[in-house]
Amino acid sequence: MPGKIEKSAWHTPKLSAASHELDPYLPRNGNLGYRVSRYDLHLEYRVSSNRLSGTAVITASSYQQLSRFSLDLATGMRVDRVTVNDRRARFSHRLGKLSITPPAPVPPGGALTVEVRYRGSPRPIRGPFGDVGWEELDNGSLCANQPNGAPSWFPCDDHPEAKAPFRIEITTDSPYFALANGRLASKRRRAAQTTWVYEQVEPMATYLAAIQIGQYEHRTMAEEPVPVHALVPPALRARFDVSFARQPQMMRAFIEMFGPYPFREYTAVVTEDDLDIPLESQGLSTFGANHCDGTREHERLVAHELAHQWFGNSVTVARWRDIWLHEGFACYAEWLWSQHSGGRSADEWARHYYAKLAAAPVRVPLADPGAEEMFEDWVYKRGAMTLHALRLRIGDGEFFALLRRWTEKYAYGCVTTEDFIALASTFSTSSLNDIWQDWLFTPALPPFPSLG
C-alpha cells in the first residue's frame, strides 16, 4: 500500500476530443457533427404528478457543415419549441431522436446555441439493460442513467465521450430536498416551491448527470480532506450511522491510493425505497434503504461507488467495450478497502473470485464483452483480477504509482484499454504483453497470477 496521504490538488478541467464516433454497443445514442461545450438545464418538477417541464440551453460548436443535426430525447417528452442561435428552428421528434433543421446551415467551426423547451411525465427508458433514466419513487425521484437513460429527462448528445460542464437549476416542492451534480450555487424559496442551482464545472458524461429528490435530512460527515455529505431519510438515521460510518476514512484511504479526489465534494444519498443496486453519478452516489440496514454488510458497495468517482466519473471510457476500466477498478477498490480496514486481503478476495470465475467460463474477451455482457458480474471480477495480476507483476510501489498517474493524466477525459496498456508499460522494466493477452484478449481463464 502507498504511504503518507498527499495534499489534495485540484486538476484543471479539460474537454475531450473535438469529435467522436457512434458506439457499436449503443448505436442509437450519440450524435455527429457537433461538440457540446456546456449544458444549462432549467427544470421544474411536480412530485405528486410526476410532471417535468424544462428548458435546455446547449452550447456547442460544429466540426462539419450542419444543415440538420440531432439530439437524444425520449419520446415521452413533448417538445414545444426549438431555437438555434436565437432563431426559431424546425424540428421533428420520433424514435428517441430530436432532429433539428437550423434556419441557415451552420459552417464547420460555427457556434451553436440550441434552446429546447419541453415537458412531460418522465419515465425510464426500457431496453436490454433494464429500465434506466428518471425513476419515480414513492416519495420523490431519482436518476439512474447508465448507460443510455439521460435522454429520459433532458435532450443531449448521449455518448460517454461527449463530456461537458453542466448548470442544473431544479425547482420543486419545498418540503423536498433536491440534489444535482456539482456544488450548490444558490437556493431560493418562493411560496410552496424551492429552486436549487448547482454548478458542475468539471466536464461530465451525460449518463452521470443526476437529480435526486426526496424528503431527506442533510448531514455533513467530514470537511477534510474533502467535504463528505449525506442525504438520509430521518427514519434511517441510526442505521446510517453504522452502515456508512467509515465513509470519511474510506475517502482518505482512496485519496492515498488513487490520488486527489477529482471533484469538489461527495454526497451519499439513501432513498426511502429499496433499490436493486446502488448507482454512481458524478460527485454523488445513491443507495437504497436496503443498503442501509444498520450493519456493514453492504460496505463493499459503499467503497465501489466511491471509487467510481476516480474510475468512471473523472476518467471515463471513450467506448463502452472498455467498461472494465470502470467496473474492474471499482471492484478492485472493494478488495483494497477490505484489506485496509482489517478484513480479507485483496489476494484472498482474488482467490475467492478466481474460483467463481473458473466455475463459470465465458466465451468472450474482457476487452470486448459485447453489449449484452458488459454489466455482467464476471466483467467486474475479471477486471479486478486483471489489476491484481498486474499488481503482483510490478509490485505495490509501481502499481499504486500507476493508478495515481492514470487518474492524474486522464482526469476529466476519456480513455481506452490501449491507453491503460501504454501507460502501464512505463511502470515496468519488462514486457506486460502476456498479462494483457491472457486477461483481456483471451476468453479462457488463465492460471491464477503469481508474484513477480
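Observations on the structure shown:
- With viscosity 1.306 mPa s and temperature 10 °C, the Kirkwood radius over alpha carbon pairs of region 318-387 converts through Stokes-Einstein to a diffusion coefficient of 129 µm²/s.
- Panel order for 338, 285, by other beta carbons found within 10 Å of each beta carbon, from fewest to most: 338, 285.
- Cα convex hull, region 168-253: 118 Å³ per residue, rounded to a whole number.
- Normalised Debye scattering of region 255-331 at q = 0.11, 0.12, 0.26 Å⁻¹ gives log10 I(q)/I(0) of -0.29, -0.34, -1.24, counting only Cα atoms as equal scatterers and leaving out solvent.
- Per-residue ellipticity at 222 nm, computed for the chain from helices alone with -39500 (n - 2.57) per DSSP H run of at least four residues, works out to -7000 deg cm²/dmol.
- Taking the average, over residues, of other Cβ atoms within 10 Å as the packing measure, peptides 414-425, 397-408, 142-153 rank 142-153, 397-408, 414-425 from highest down.
- Taking the empirical scaling 2.2 N^0.38 Å for compact globular proteins as reference, region 109-268 has a Cα radius of gyration ratio of 1.13.
- Restricting region 287-395 to trypsin sites (Lys or Arg not before Pro) that sit in a DSSP loop and have at most 16 other Cβ atoms within 10 Å of their own Cβ leaves 296, 344, 363.
- With a cut-off of 20 Å on the backbone N, the residues of region 212-244 near the modelled label site 7 Å out from residue 341 along Cα-Cβ are 219-233, 236-244.
- Span per principal axis, largest first, for the Cα atoms of region 122-170 (Å): 32, 30, 13
- Multiplying the residue separation of residue 438 and residue 217 by 0.36 nm and removing their Cα-Cα distance gives an extension gain of 74.7 nm.
- Using the alpha-carbon positions of region 225-359, Rg (one decimal) and Dmax (whole number) come out as 14.8, 44 Å.
- 388, 93, 218 arranged by Cβ crowding within 10 Å, fewest neighbours leading: 218, 93, 388
- Cα shape, region 317-441, gyration tensor, a/c 1.5 rule: rounded
- For the cross-link pairs 187/409; 97/163; 381/409; 163/187, the ones whose C-alpha atoms lie over 30 Å apart are 187/409.
- Electrostatic dipole magnitude of region 317-441 [Cβ: Lys, Arg +1; Asp, Glu -1; Cα centre; debye, to 20]: 180
- Percent of Cα pairs exceeding the 40 Å cut-off, where the set is the chain: 18
Computed from the coordinates by the stated procedures, all read-outs in this text should not be read as laboratory data. In this text the structure is predicted, and so the values were computed from the model without any measurement. Don't worry about glycine lacking a Cβ; one is built from the backbone with ideal geometry, like all the others, and counts go over all protein chains shown.
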